[in-house]
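Structure provided below as structure tokens; questions to follow.
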Amino acid sequence: MKIKWRKQWIILGSVCFFIVLTFFLTPSFSFLIDEKEITDFIWKENMRVEVYSKVRVSDFVTVQDGSLEDEIIDTSKLGDQEVFFTYLNNNGKKKKKSFHLLVVDTTSPLIWISDSYTVVRGNSKKIEDSVLCGDNYDKKPVCKVEGSYNFDEVGNYSLTYYAVDQSGNETRKPFVLKVVDKISSSSKPSGISLKEINGRYASIDASIGIDVSKWQQVIDWEEVKESGIEFVMIRLGTQIGPGKESKLDDYFIRNIVEAKRVGLKVGVYYYSYAFSTAEAQRQAMWVSRQLFPYKLDLPVVFDWECYHLFNSFDISLYDLNQIADSFLKVIERNGYRPMMYGSKNYLQEIWNLLEYDVWLAHYTKKTDYSGDYKMWQFTNVGIVPGIDSFVDIDLLF
């Protein structure tokens, strides 16, 4: 009988041993093994960040006596969010921890209107529908004109354009509405010759080129080349309207074949009305398919200029930048050099989230644009032998 009980005690002791051993080796009880861990954290005092900011975990916490697995933080939504991160403690064990971050929006809406706004008497389109009013975050900020006016009565009306977003950021812009019987036609501008252009920019280390589309119709490319033009940006195609399909420029094939035949460097641009990233991606794939037979020397450019339709698209300024980014990313993945086109003011106020080469449009003798740019379209009234109409002239740096 004693032997039997002794065997039971031995079995019971073995079971208890394995239970205790399992208890200590189970990860959920690792604090018993790591009780000597003394991992200190240094936290940033202000756990607050602007929406869409490019920040990482290391911007808010430093791990002492250990190492941090740094990650990008998603700041695309307003409000309090819990940020989880991973670190190695002083015992070399991987641990998880979290902190709370407040994402805020302190940027006021953008109202794109000058000091005066002119309409013809009898105009039926609301000012709010005609003037770009957008926000960095809100897709539909409150935009309204304060003051009284009458489109049927000629005169000057002192008004204020007011905009506010969901975070309470406001913009107020005084302007004068001018209601007139008719808008006087401006005089035809005089053109600028290549001789004058060459003299003006002789000291600049840059190539002189042009950009063309169907509006220049049939071009004598031999004569263009002989005139000293070194490169050309050709419109490949355009979206024929919001939500509609893409169409090849009527003269694209002729232009690219002839320009390459005479030895000019060639790039292309595409005019888009896209108001979603999916649409922009489809357009970039369409552009890439059209380019398959040709080899380019210069970039593929995204050209979006339908600012008068922005209010109807229900997108934010951030969304618009993402649309361009989506197009350009596909172009890059397909083996072409991406580039963004924009005028000086739009590049400064709207296209401010992109990290691509820039084709600047600024019609002046000397630009004061402060950003970086690879190409500069400085006039739209260039006179070039071989082209019967005015043409845009560009410098390539």
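The values are calculated or read from the model by the stated rules, or taken from the named source; none is laboratory data. Keep in mind the model is a prediction, meaning the values are calculated, not measured. All Cβ positions, even for glycine, are placed from backbone atoms using ideal geometry, and neighbour counts span all protein chains on display. Keep in mind that these areas ignore ligands, DNA and RNA; they rest on the heavy atoms of the full protein, side chains included. Shrake-Rupley method; radii C 1.70, N 1.55, O 1.52, S 1.80 Å.
Limited to the range 43-54, what total is found for residues that are of a type outside the set (G, A, S), out of contact with any Phe, Trp or Tyr (no Cβ under 9 Å at 6 or more places or on another chain), in contact (Cβ under 8 Å) with a residue 12 or more places away in the chain and farther than 15 Å from E82 by Cβ?
2
Residue by residue, here is whether (1) within 27 Å of D250 (Cα to Cα); (2) among the hydrophobic types (A, V, I, L, M, F, W, C); (3) open to solvent by 60 Å² or more (accessible area, probe 1.4 Å); (4) in contact with an Asp or Glu (Cβ under 8 Å, 6 or more places away or on another chain) holds:
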site	(1), (2), (3), (4)
K182	no, no, yes, no
S187	no, no, yes, no
G191	yes, no, no, no
K195	no, no, yes, no
R200	no, no, yes, no
I210	yes, yes, no, yes
W215	yes, yes, yes, no
I219	yes, yes, no, yes
E226	yes, no, yes, no
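Looking at the range 105-117, which of the residues that are open to solvent by 20 Å² or more (accessible area, probe 1.4 Å) and not hydroxyl-bearing (S, T, Y) is nearest to N46 (Cα to Cα)? Give the derivation first.
Filtering the range 105-117 down to residues open to solvent by 20 Å² or more (accessible area, probe 1.4 Å) leaves 106-108, 110, 112, 114-117.
This time we only want the ones that are not hydroxyl-bearing (S, T, Y), so: 110, 112, 115.
Working: L110: 27, W112: 33, D115: 39 Å.
By that ranking, first place goes to L110.
Checking the conditions here, which among S158, S186 is among the hydroxyl-bearing types (S, T, Y) and without any contact (Cβ under 8 Å) to a residue 12 or more places away in the chain? Walk me through it before giving the result.
Working: S158 fails: without any contact (Cβ under 8 Å) to a residue 12 or more places away in the chain.
On inspection, the qualifying residue turns out to be S186.
From the list V55, V83, V63, exactly one residue is touching a helix residue (DSSP H, G or I) at 6+ places or on another chain (Cβ under 9 Å) and open to solvent by less than 50 Å² (accessible area, probe 1.4 Å). Which is it?
Numbers: V55 fails: touching a helix residue (DSSP H, G or I) at 6+ places or on another chain (Cβ under 9 Å); V63 fails: touching a helix residue (DSSP H, G or I) at 6+ places or on another chain (Cβ under 9 Å).
Going through V55, V83, V63 in turn, the sole match is V83.
Okay, moving on. Tell me yes or no: at least one residue of the range 235-252 is surrounded by 14 or more Cβ atoms within 10 Å (Cβ to Cβ), under 15 Å from I219 (Cα atoms) and over 27 Å from the mean Cα position of the chain (by Cα).
Yes; the residues of the range 235-252 include at least one that is surrounded by 14 or more Cβ atoms within 10 Å (Cβ to Cβ), under 15 Å from I219 (Cα atoms) and over 27 Å from the mean Cα position of the chain (by Cα).
Could you give me the residue pairs with C-beta distances under 9 Å whose first residue belongs to the range 221-243 and is free of Cβ contacts under 8 Å to residues at least 12 places away in the same chain, whose second residue is open to solvent by 40 Å² or more (accessible area, probe 1.4 Å) and part of a strand (DSSP E or B) wherever it lies, and which are 6+ apart or on separate chains?
Sorted first by the residue in the range 221-243, then by its partner, the pairs are I240/K247.
Is one or more of the residues making up the range 133-141 aromatic (F, W, Y) and outside any strand (DSSP E or B)? Break it down stepwise before answering.
Filtering the range 133-141 down to residues aromatic (F, W, Y) leaves 137.
Filter again for outside any strand (DSSP E or B), leaving 137.
Within the range 133-141, one or more residues are aromatic (F, W, Y) and outside any strand (DSSP E or B).
What tally of residues in the range 284-302 results from selecting those that are touching a Gly at 6+ places or on another chain (Cβ under 9 Å) and open to solvent by less than 10 Å² (accessible area, probe 1.4 Å)? Explain how you work it out, then say what you get.
Here is the first cut: in the range 284-302, the residues touching a Gly at 6+ places or on another chain (Cβ under 9 Å) are 286-288, 290, 296-301.
Still in the running and open to solvent by less than 10 Å² (accessible area, probe 1.4 Å): 287, 299-301.
Number satisfying all stated conditions: 4.
Then there is this: So in the range 339-359, with the set limited to residues that are open to solvent by 40 Å² or more (accessible area, probe 1.4 Å) and in a helix (DSSP H, G or I), which one is nearest to L317 (Cα to Cα)?
E349
Taking the stated definitions as given, is V120 modelled with pLDDT of 95 or more, surrounded by 18 or more Cβ atoms within 10 Å (Cβ to Cβ) and of a type outside the set (K, R)? I'd like the intermediate steps shown before the answer.
On the way: modelled with pLDDT of 95 or more: yes; surrounded by 18 or more Cβ atoms within 10 Å (Cβ to Cβ): no; of a type outside the set (K, R): yes.
Taking the combined requirement at face value, the residue does not satisfy it.
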